[in-house]
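Working notes, beginning with the structure itself.
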Amino acid sequence: MPDIEKLHLEDALEDSPQTRNLLSVFEKDAFVLKKYTNSLQSCCQRIMTAQNELCAATQSLAQQLRAYEVHKFPLESENSILTSTLKQFASYIDDISSIHQVLASQFSETMMFPINKFMQADIEEISTMYEMYQISSQEHEQALLRYMKLSAKKKESEKVRSETNEELYTMRKKFHQTSLHYYSCLNALQYKRKCFLLEPVMGYLHAQRAFFQMGCDAVMKPEIDDFLGNINASVQSVHAELSAETQKTVELIESIEKQSAHLYHPEPPIDMPYIPPNTALSQKAGYLYQRSKQALIGSKWDRNYYFTQGGNLMSQSKDEFAGSLVLDLNENGIMAEIGEYDDRRFVFHIVSQSHKKTLIVLQAENDRDRAEWIAVINNLVRDSGYVRGGKTPPRSKVNQSTDSQSMPSPTSPSESKNTGNNGTMTKSTSSSSGLTATQGDNTLVLETPIQFDLASPTQDNKSMTTPLSGPPKRINPFDQSSVDVLDPAFDNAAYCQVFTVRFLGSMEVKADRGEGLVHDTIRQIMAARAIHNVFKMTESKLIISNEGMRLIDPSNNAVRVEFALQDISFWSAHPENERYFGFVTRTRMVGGTPKNSISFACHVFESNTTSEEICKSIGTATRMAFQA
């Protein structure tokens, strides 16, 4: 190969200064080459380490994608689309991980092996030969010095001269042989540097080319293109929905903040309009301070969450999972009134006139809140907290106006299934129903109370849902026996579907069927919730079976309400909001005249799934019950 400098082996024995100077140049070159090769090896080793880490990270990514379904997210269904999509991504990433492992193996063979061999077999050999050359040179110099010191006048013994001569011969031969090997290694290094430094880089490029070719074959498939296109479209759709939902959320937050402006001040300022207390309430919930006696301190006040349910006053602390009974308001002689305790404002107490003692002392946040609590408790005591004699207890009377803030009335007919009085299944549309949107205003009972919450799991709710077989019976919610909660007929039903729903409200209506009736009721209830700032919704499990319908409390699986299928006369989904639906039930009034012995109530819910699916399930259950 031209342009390659070499040491002349013929000059090795002579070891002239010129040869020594030329040798020092070769040695300096070898030293610089060793330093450069070490750096090059470090770079290649970094690539190899990074590739191994990439293989491990890719495998870990695929395993993590598969582990999504194992984590059991509370808000994620078991067989969701996201889970299956992540599994599909994991299979593709496994293929990519295999290709990365092949690339790592090729890096080891074509890049690391040549440079490691060059370092160990050639660069290290030069270092070893350098040390041996220095040792043999010193030994030769010492042997030559001893030989030259032999005396010319004194007659040395023949043995000494022979040994000295033989020693110089041995050292000179050793030096010559070491020099020849050392020179030849330095000369060969000039050739090896031109191949061993190129082989690792060439192996790296060959491995990368093979890697990209395998990657192209594995990834550039039509099915992957279709999969990524569908996922990309889905992601963009979710982004659009998120943007729209964010905008709605911002508007809703602004609306809630405006509606809640009067709630920020415990006592409204002078410039704020006066809001009178609503004394017609029969249900209320909120935080109150309760006074309790202590031996040393005298008394203390604890803040808890209080609410009325099924004719009872309940309380629940922030760290409790469920509420506990504070007071049964069905006893005679119970009354709530303003009281004065511990020099505190807005205090009221509940007293028992029959026993002439104070049952509980509570403190509200302001005078309006105290007045409403007193009114609610007294209303519940007056009406015994449950349906008595077929009359519903007075609840919050709401404005029945249909202004622009209310939910719009239905504009497009939707088809739903309902069961008639004889139990047969019929189809009902807005054109064939006798009570449609044109008559919807005449089917609503004006000034009717609206119930916004469910009592759980009392039988007073069952008063409007049990079959038309007699007066309802109330039981204590904390004395519910297993017979009241569990029913073998429900457990062994041939058809059963479970949905998650939230109760929006129910109100009395004049008729037992009609899409316009259900849609107008939904509009009225949503308008009332907006006017009265009612944001709380009771979430339940709706069980639909051929044995009946039940609302189950998800916290303890207790039955909140049970509906007999023969009393469900009509059901319909809202035409504009796919999550709203309602159904009409019939209830026989105890002690009523034949003309008004049956009343009708429409119950409105919001579902997690589409309301059409729930309506179809109700139709299937009633059809199977009728056939049975």
Screening 98, 157 for residues that are at pLDDT below 95, in the same structural domain as residue 25 (by the TED database) and of a type in the set (Ser, Thr, Tyr) leaves only 98
Note on segment 509-552: residues open to solvent by 50 Å² or more (accessible area, probe 1.4 Å), modelled with pLDDT under 90 and in a strand (DSSP E or B) are 539
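Can you pull out every residue in segment 58-82 that is closer than 18 Å to residue 228 by Cβ and surrounded by 10 or more Cβ atoms within 10 Å (Cβ to Cβ)?
58, 61, 62, 65, 82
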How many residues of segment 317-327 are open to solvent by 40 Å² or more (accessible area, probe 1.4 Å), within 25 Å of residue 382 (Cβ to Cβ) and not hydroxyl-bearing (Ser, Thr, Tyr)? The answer is 2
Filter segment 553-574 for residues that are out of contact with any helix residue (DSSP H, G or I) (no Cβ under 7 Å at 6 or more places or on another chain) and farther than 22 Å from residue 517 by Cα; the one that is least open to solvent (accessible area, probe 1.4 Å) is 553
Taking segment 1-12 and keeping only residues that are loosely packed, with under 15 Cβ neighbours inside 10 Å and either touching a helix residue (DSSP H, G or I) at 6+ places or on another chain (Cβ under 9 Å) or of a type in the set (A, V, I, L, M, F, W, C) (or both), one is left with 1, 4, 5, 6, 8, 9
message = Looking at the structure I just gave you, is residue 212 over 30 Å from residue 364 (Cα atoms), in contact with a helix residue (DSSP H, G or I) (Cβ under 8 Å, 6 or more places away or on another chain) and in a helix (DSSP H, G or I)?
response = no
Taking first residues from segment 205-229 that are over 19 Å from residue 109 (Cβ atoms) and second residues anywhere that are among the acidic types (Asp, Glu), the pairs with Cβ under 8 Å that are 6 or more apart or on different chains are 218/95; 219/95
Just one listed residue, out of 196, 212, is in the same structural domain as residue 115 (by the TED database) and open to solvent by 100 Å² or more (accessible area, probe 1.4 Å), and it is 212
The lone condition residue 281 fails out of (1) part of a loop (DSSP other than H, G, I, E, B); (2) open to solvent by 40 Å² or more (accessible area, probe 1.4 Å) is (2)
In segment 17-39, residues that are within 18 Å of residue 172 (Cα to Cα), surrounded by 11 or more Cβ atoms within 10 Å (Cβ to Cβ) and without any contact (Cβ under 8 Å) to a residue 12 or more places away in the chain total 1
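The values are calculated or read from the model by the stated rules, or taken from the named source; none is laboratory data. Keep in mind that this is a model prediction, so the values were computed, not measured. Here the Cβ is made from the backbone with ideal geometry for all residues, glycine too, and neighbour counts use every protein chain on show. What goes into the accessible areas is simple: the full protein's heavy atoms, side chains included, and nothing from ligands, DNA or RNA. Shrake-Rupley method; radii C 1.70, N 1.55, O 1.52, S 1.80 Å.
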